[in-house]
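The values are calculated or read from the model by the stated rules, or taken from the named source; none is laboratory data. Here the structure is a predicted model, which means the values were calculated and not measured. Glycine gets a Cβ as well: all are built from the backbone with ideal geometry, and neighbour counts include every protein chain shown. In case anyone asks, the SASA skips ligands and DNA or RNA and just uses the protein heavy atoms, side chains included. Shrake-Rupley method; radii C 1.70, N 1.55, O 1.52, S 1.80 Å.
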Amino acid sequence: AVWTVGGFLFSQFAPELSTLDTLYSPPTGHASPILCASFSPTGKYLATGSGDNTCRLWNLDSETPAATLAGPSGWLCVEWDGLERQVATGSMDNTVRLWDPKTGKQTGEPMRGHTKWITSLAWEPIHL
């Protein structure tokens, strides 16, 4: 499946395409380039993190932002949990944050302790 959101081409199942191929710029909704992206487990949403200090949760049916997460400087990674109940973000402020994708609100306090930027995240797989 391939989608265009805000002028960017996203491919979930086409390895021959890069994750982000610019069609035209800049994406509607972000004021700076997108630095990371992650599809939700159901494929209904796409989370994009940007240098404008926001992470947008896009509804892929309407191609509009369902929520905007605002916070730390420079989003470098974003990842959905396996049940689509939380989004984790990592950023240039060396923190990991958890968010409620329905409300766009941060849950709990930022997780601190890293001395460098958070550049990737992964959730433990769901075991049935």
Item to check | Filter result (free of Cβ contacts under 8 Å to residues at least 40 places away in the same chain and surrounded by 12 or more Cβ atoms within 10 Å (Cβ to Cβ)) within segment 103-116 | outcome: Gln106, Thr107, Pro110, Met111, His114
Next on the checklist: Is it the case, given these coordinates, that Ala88 is within 14 Å of Gly108 (Cβ to Cβ) and under 13 Å from the mean Cα position of the chain (by Cα)?
Outcome noted: yes
Checklist entry - Checking Arg85 against (1) open to solvent by 40 Å² or more (accessible area, probe 1.4 Å); (2) out of contact with any Pro (no Cβ under 8 Å at 6 or more places or on another chain), which test does it fail? => result (2)
Checklist entry - Going through segment 13-57 one residue at a time, which ones are at pLDDT below 55 and either under 21 Å from Leu69 (Cβ atoms) or among the β-branched types (Val, Ile, Thr) (or both)? => result Thr19, Leu20, Thr22, Pro26, Pro27
Next on the checklist: Just the residues that are under 19 Å from Ser32 (Cβ atoms) and either in contact with a helix residue (DSSP H, G or I) (Cβ under 9 Å, 6 or more places away or on another chain) or open to solvent by 40 Å² or more (accessible area, probe 1.4 Å) (or both), please, taken from segment 65-82.
Outcome noted: Pro65, Thr68, Ala70, Gly71, Ser73
Item to check | Answer from Thr119, Thr95 - the residue that is touching a Pro at 6+ places or on another chain (Cβ under 6 Å), of a type in the set (Val, Ile, Thr), closer than 18 Å to Gly51 by Cβ and surrounded by 11 or more Cβ atoms within 10 Å (Cβ to Cβ) | outcome: Thr95
